[in-house]
1. In segment 76-88, which residues are touching a residue at least 60 places away in the same chain (Cβ under 8 Å) and open to solvent by less than 50 Å² (accessible area, probe 1.4 Å)?
2. Pick from segment 142-168 the residues that are at pLDDT 85 or above and not hydrophobic (A, V, I, L, M, F, W, C): which of them is nearest to residue 17 (Cα to Cα)?
3. Mind checking which residues of segment 12-29 are at pLDDT 95 or above and charged (D, E, K, R)?
4. Can you say whether residue 171 is closer than 28 Å to residue 14 by Cα and modelled with pLDDT of 50 or more, as far as the supplied structure shows?
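The values are calculated or read from the model by the stated rules, or taken from the named source; none is laboratory data. Nothing here was measured: the structure is a model prediction, and the numbers come from that model. No Cβ is skipped: glycine too gets one built from the backbone with ideal geometry, and neighbour counts run over all protein chains shown. For accessibility, only protein heavy atoms count, side chains too; no ligands or nucleic acids. Shrake-Rupley method; radii C 1.70, N 1.55, O 1.52, S 1.80 Å.
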Amino acid sequence: MTSGPPTGVPGDFAAALADLRGAALRSEVRLTEIPAPRKVAPFSVALAGDVLPGAPSGPRDPSDEHDHDDDPLATGRFVVLHDPAGQEAWHGTFRVVTLVRATLEPEMAADPMLADVAWSWVGESLESAGLVPGTDTLADGGTVTRVLSQSYGALHGTPDAVDLEIRASWTPVGTRLGTHLRAWAALLTMAAGVPPLPEGVAALTRRFTDRSRQRHTVGP
């Protein structure tokens, strides 16, 4: 095993991937590596996440994909983009792009503060991971969308549902991206309504495939 990064992969990107692999998350959060964006940055990695009630700790085994019949309480994506040359809008060479989706109680749809509260979860999640906006993250931004679904006709009687979508992105300072992954996981569990308990964490080690060690994408 070589001590340096794989051929063609910048040292900063290799260090960021290594730190992601070492992150420890709550056992309810299950991660899967998915295809990363191909045209936004020369290097990238993407993870899909689900919050599953009562999910066991430890790495996810692909053969166990259908072991849980429970629907996810929340789903999302965590994407890391890296451009060694930097991008002006990022104010750096890395960019973290996240998505969280969850279904909330119907009565919450009428709450005029719902979007503001949901966006405040982003800052709380960053702070819970020990990240300080303006110091550990730059150019933070995002959107909150809520959709009220009502059923008619043959589906009459189906309970109304409120789908909440939080999109947030920021520029991490440094390559310690495991902390940023933990912040996103905290946001995911917060949207899912999982109490912020300290116990029940699981190491992320070995949840990445060997593709994480290769150059993921080629820029436009």
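1. If we filter segment 76-88 for residues that are touching a residue at least 60 places away in the same chain (Cβ under 8 Å), which is where we start, we get 76, 78, 80, 82-84.
Answer for segment 76-88, where residues must be touching a residue at least 60 places away in the same chain (Cβ under 8 Å) and open to solvent by less than 50 Å² (accessible area, probe 1.4 Å): 76, 78, 80, 82, 83.
2. 167
3. Those that are at pLDDT 95 or above and charged (D, E, K, R): 12, 19.
4. Answer is yes for this residue.
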